[in-house]
1. Scan the stretch 297-308 and tell me whether some residue there is buried (at least 19 other Cβ atoms within 10 Å of the Cβ), part of a strand (DSSP E or B) and of a type in the set (Gly, Ala, Ser).
2. ALA260 fails exactly one of the following numbered conditions: (1) within 21 Å of PRO363 (Cβ to Cβ); (2) touching a residue at least 40 places away in the same chain (Cβ under 8 Å); (3) open to solvent by 30 Å² or more (accessible area, probe 1.4 Å). What is the number of that condition?
3. With the requirement that a residue be over 16 Å from ASP356 (Cα atoms), modelled with pLDDT under 95 and out of contact with any helix residue (DSSP H, G or I) (no Cβ under 7 Å at 6 or more places or on another chain), what does the stretch 293-306 give you?
4. Can you name the residue in the stretch 307-344 that is charged (D, E, K, R) and over 22 Å from the mean Cα position of the chain (by Cα) and, of all such residues, is modelled with the lowest pLDDT?
5. Is it fair to say ALA47 is in contact (Cβ under 8 Å) with a residue 60 or more places away in the chain and within 14 Å of LEU120 (Cβ to Cβ)?
6. Return the only residue of SER223, SER249 being in a helix (DSSP H, G or I), in contact (Cβ under 8 Å) with a residue 60 or more places away in the chain, on the phi < 0 side of the Ramachandran plot and open to solvent by less than 10 Å² (accessible area, probe 1.4 Å).
7. Filter the stretch 115-165 down to the residues that are in a helix (DSSP H, G or I) and of a type in the set (Val, Ile, Thr), then identify the one that is most open to solvent (accessible area, probe 1.4 Å).
Amino acid sequence: MRQSDIVAEVSNDKQTLTALVEQDNRVVYFYIFAREDLRDRFPKMRACWVRNLVPAPANDDTDAMEQGIAPMLAAQYCRNLEGEAPLDPAQIQILWNESDDGAALWYQGLLLAVIPGWSLYIDHSVCYSAGCIKQNPLTFPLGSASTNTQCELAEKTRLFWRDWQNEFSNPWPKIQRKLLESYEARFGPSLKYYLINQGHWPPMAISQHEDEENYYFFTVGMSIRPMPQVDIIFNDEAEKHRRIELAFSVGKEYVTEENAVQMASALSGYAQIPWTTLSWLGEGHTLMSPMAPLGFEGHVISSALCGPADKMRLPEIYGDPVNQFWVSPVFTSELAFAQAKPNGGFELVSAMIENDIGYVFAPRSAVV
């Protein structure tokens with residue numbers, strides 16, 4: 001048996017995960033593994049059998065497992081019993097999903113395997129292979145778009161990236177316009193516009209608005225990508241939670257415009273967090289930031305701080321609703337309170353509302 005060769009290797013957008021295809025003279029596998037500093041959270045490599053290159057064994061390939069090498073798939077699970085041709089590296093395409101935590105393996109335009117993003121957050125590996133016809137310890141059957149959601153989602157992802165790479169069908173101008181129109185309808189014209197994506201995909205910005213009393217700042221483009229981990233947490237209701245935009249407001253009587261912009265710069269870092277940490281942001285979540293106002297330690301994000309009369313309805317993005325969360329500064333004691341127990345952030349937001357603290361920042365005392 002010759003040594004395995006890595007025939008394709010692609011990191012995701014934020015370099016948190018790497019996908020690779022490896023083959024020897026017996027078998028082909030598709031893998032995803034986490035960056036070294038994330039392996040405390042994601043210690044297990046996700047492995048997906050793709051195809052045997054020689055006739056399938058009659059039984060499970062326990063000899064390979066005992067030797068610590070990639071096992072072939074037993075004949076009863078294989079679509080092709082005689083083995084298939086090795087993969088040509090030039091014909092391989094690996095596409096990361098929109099949330100940046102799962103990937104699909106395409107070969108000569110055909111879908112061969114999928115490792116879904118949500119499998120990263122559970123104890124055992126789950127993957128799907130086109131060469132498999134029956135569930136087994138190594139993989140699930142991929143089937144077709146009509147029989148398997150994973151196959152359908154992989155095709156949608158392929159079309160997603162095709163649109164973003166085509167200057168004529170690029171979705172950004174439409175998404176940007178729809179979000180800005182929503183902000184301007186409620187808070188007036190966008191007076192300044194700050195790019196925050198450092199020239200990388202996806203395009204993201206902060207739009208600045210103001211009225212006689214307050215400065216307002218809104219992220220534009222964060223909702224392009226669904227957040228990681230949401231699918232496994234919310235299951236059938238994931239679409240209600242996976243896309244967000246952030247907002248910050250401060251009263252003019254307390255700060256200059258320059259200070260307001262500095263405070264709002266926290267949004268720039270927060271807008272990247274779900275994908276740089278493979279996590280998600282939702283109601284009551286707390287974050288530490290050096291950009292918090294003097295005397296404050298970080299922020300809580302909440303839509304509940306904004307009363308019904310002031311809530312905006314943002315446009316749907318890729319058919320999903322978009323949630324808007326206001327970023328509100330919190331003291332060290334409040335941050336510790338929120339992080340000390342489950343749902344502590346919800347309790348903190350409730351205490352803030354009880355003390356008439358809303359979404360517009362103003363000097364205040366700690367509520368805990």
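1. Yes.
2. (3)
3. Listed by number, the residues that qualify are LEU294, GLY295.
4. The residue in question is ASP310.
5. Yes; evaluated as a whole, the condition is true for this residue.
6. Only one candidate qualifies: SER223.
7. Taking the stretch 115-165 as the starting set, the residues that turn out to be in a helix (DSSP H, G or I) are 117-121, 149-165.
Imposing the further condition that a residue be of a type in the set (Val, Ile, Thr) reduces the set to 149, 157.
On the way: THR149: 80, THR157: 12 Å².
Ranking the qualifying residues of the stretch 115-165, first place goes to THR149.
Yes or no, residue by residue, for (1) assigned to a loop (DSSP other than H, G, I, E, B); (2) within 25 Å of the chain's Cα centre (by Cα):
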site: TYR183; (1), (2): no, yes
site: ARG186; (1), (2): no, no
site: HIS200; (1), (2): yes, yes
site: ILE232; (1), (2): no, yes
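The values are calculated or read from the model by the stated rules, or taken from the named source; none is laboratory data. This structure is a prediction, so every number in the text was calculated from the model and none was measured. Using ideal geometry, Cβ is built from the backbone for each residue, glycine included, and neighbour counts are taken over all protein chains shown. Note: areas computed on protein heavy atoms with side chains; ligands, DNA, RNA excluded. Shrake-Rupley method; radii C 1.70, N 1.55, O 1.52, S 1.80 Å.
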